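Quick notes on the structure that follows.
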Amino acid sequence: MLEVLLPCAGACLMLAAASHRYRREAGLPEAAARRGLRLGAVALLVLALMLAAAPLDGERVVRFLGGFALAGLVVLLGLSADATRVLTPVRLVVRRRG
């Protein structure tokens, strides 16, 4: 399950960073960063779906959705506590690439 949780948590973090509120708080650039964060999140979600340890059928989808739900909850709780600190890795990656 960990192989699904980590990429899903990264994707949830990137999707949260692409939203207007958190992007403004983190001080990220506008349009290019938003597109890049969304594309990176989609890539991580596809990776998580492929890493779910089951044949490509209903069980893999259930594992993926369960992992995504847990990862989303963890990211949401982290953002509620201190959004600036939680978004620091995303900010560093975006500034390094841009």
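What the table shows:
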read-out: Which listed residue, of 34, 63, 96, 38, is crowded, with 19+ Cβ neighbours inside 10 Å and among the basic types (Lys, Arg); value: 63
read-out: Residue 48 more than 14 Å from residue 89 (Cβ to Cβ), buried (at least 19 other Cβ atoms within 10 Å of the Cβ) and free of Cβ contacts under 8 Å to residues at least 60 places away in the same chain; value: yes
read-out: Helices (runs of 4 or more DSSP H) wholly inside segment 1-61 containing at least 2 residues that are of a type in the set (Lys, Arg); value: 20-26, 31-51
read-out: Cβ-Cβ under 6 Å pairs, at least 6 apart or on other chains, segment 1-19 side among the aromatic types (Phe, Trp, Tyr), far side at pLDDT 90 or above; value: none
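Here is a yes/no grid of residues against (1) small (Gly, Ala, Ser); (2) under 16 Å from residue 10 (Cα atoms); (3) in contact with a Leu (Cβ under 9 Å, 6 or more places away or on another chain); (4) at pLDDT below 85:
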residue: 28; (1), (2), (3), (4): no, no, yes, yes
residue: 34; (1), (2), (3), (4): no, yes, yes, yes
residue: 40; (1), (2), (3), (4): yes, yes, no, no
residue: 43; (1), (2), (3), (4): yes, yes, no, no
residue: 61; (1), (2), (3), (4): no, no, yes, no
residue: 71; (1), (2), (3), (4): yes, yes, yes, no
residue: 81; (1), (2), (3), (4): yes, no, no, no
residue: 85; (1), (2), (3), (4): no, yes, no, no
residue: 94; (1), (2), (3), (4): no, yes, yes, yes
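The values are calculated or read from the model by the stated rules, or taken from the named source; none is laboratory data. Note that the structure is predicted; figures quoted are calculated from it, not measured. Every residue, glycine among them, receives a Cβ derived from its backbone with ideal geometry; neighbour counts consider all protein chains shown.
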